[in-house]
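Shown next, in structure tokens, is the structure this report addresses.
The values are calculated or read from the model by the stated rules, or taken from the named source; none is laboratory data. All values derive from a computational prediction rather than experimental measurement. Neighbour counts run over all protein chains shown; Cβ positions are idealised from the backbone, glycine included.
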Amino acid sequence: MEVIPIKEESDIVRARVAAKDMAQKMGFGLVDQTRISTAVSELARNVFVYAREGQVHLEVLNNPHNGIRITFIDQGPGIPDIDLAMKDGWSSSGSMGKGLPGAKRLMNRLEVKSEAGKGTTVIIEKWLS
Ligand SMILES: Nc1ncnc2c1ncn2[C@@H]1O[C@H](COP(=O)(O)OP(=O)(O)OP(=O)(O)O)[C@@H](O)[C@H]1O
Ligand SMILES: [Mg+2]
């Protein structure tokens, strides 16, 4: 597993590039590499914007699917209403509200776990098979 700390804005790019490199090595085609790097960019940006800092974990999945799993972990304010946060166009910061729903559409799995005041964990997966 590879861990990328998110502490400053440039770490968002580092996470995106690391995910794309890993996806390419695993045999994902260019279109999927781009889907993965777009989702990572959005979710790493959410960590930076809403929680200030956190971590991105990259790992290879073997069972039951082959693919990549990327986990975004922070100890920020948390998301009080996850269903609302997943809605296209909903934002607490006057932004586009497209990061989470967009990432969900690009990946095979997206799961949000969050407790208000404790932090947020977002898990995404892209499968090869
Ligand atoms: N890591 C996080 N910690 C706390 N709140 C979060 C986190 N990620 C997302 N949220 C909440 O979920 C909302 C929706 O996130 P999403 O990424 O979809 O949209 P956005 O960041 O507001 O806008 P966009 O990503 O389109 O610029 C955010 O406005 C914020 O309230
Ligand atoms: Mg966002």
Which listed residue, of 23, 44, 39, 15, is in a helix (DSSP H, G or I), modelled with pLDDT of 95 or more, among the hydrophobic types (A, V, I, L, M, F, W, C) and more than 16 Å from ligand 2 (Cβ to nearest atom): 23
Cβ-Cβ under 8 Å pairs, at least 6 apart or on other chains, region 101-129 side touching a residue at least 12 places away in the same chain (Cβ under 8 Å), far side in a loop (DSSP other than H, G, I, E, B) and among the basic types (Lys, Arg): 101/87
Cβ pairs under 6 Å, 6+ apart, first in region 85-96 and under 16 Å from residue 110 (Cβ atoms), second near ligand 2 (Cβ under 10 Å from one of its atoms) and part of a loop (DSSP other than H, G, I, E, B): 90/97
Test set (1) within 18 Å of residue 109 (Cβ to Cβ); (2) touching a residue at least 24 places away in the same chain (Cβ under 8 Å) - residue 49 fails condition number: (1)
Of the criteria (1) touching an Asp or Glu at 6+ places or on another chain (Cβ under 7 Å); (2) closer than 22 Å to residue 22 by Cβ; (3) assigned to a helix (DSSP H, G or I), which one residue 69 fails: (3)
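Within region 18-34, can one find any residue that is within 16 Å of ligand 1 (Cβ to nearest atom), buried (at least 16 other Cβ atoms within 10 Å of the Cβ), closer than 21 Å to residue 126 by Cβ and of a type in the set (D, E, K, R)?
For region 18-34, residues within 16 Å of ligand 1 (Cβ to nearest atom), buried (at least 16 other Cβ atoms within 10 Å of the Cβ), closer than 21 Å to residue 126 by Cβ and of a type in the set (D, E, K, R): absent.
To keep it simple, each residue is scored yes or no on (1) closer than 30 Å to residue 29 by Cβ; (2) surrounded by fewer than 19 Cβ atoms within 10 Å (Cβ to Cβ).
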position: 57; (1), (2): yes, yes
position: 67; (1), (2): yes, no
position: 80; (1), (2): no, yes
position: 90; (1), (2): no, yes
position: 93; (1), (2): no, yes
position: 97; (1), (2): yes, yes
position: 103; (1), (2): yes, no
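For (1) within 6 Å of ligand 1 (Cβ to nearest atom); (2) at positive phi, each residue gets a yes or a no:
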position: 58; (1), (2): no, no
position: 64; (1), (2): no, no
position: 68; (1), (2): no, no
position: 84; (1), (2): no, no
position: 89; (1), (2): no, yes
position: 93; (1), (2): yes, no
position: 97; (1), (2): yes, yes
position: 103; (1), (2): no, no
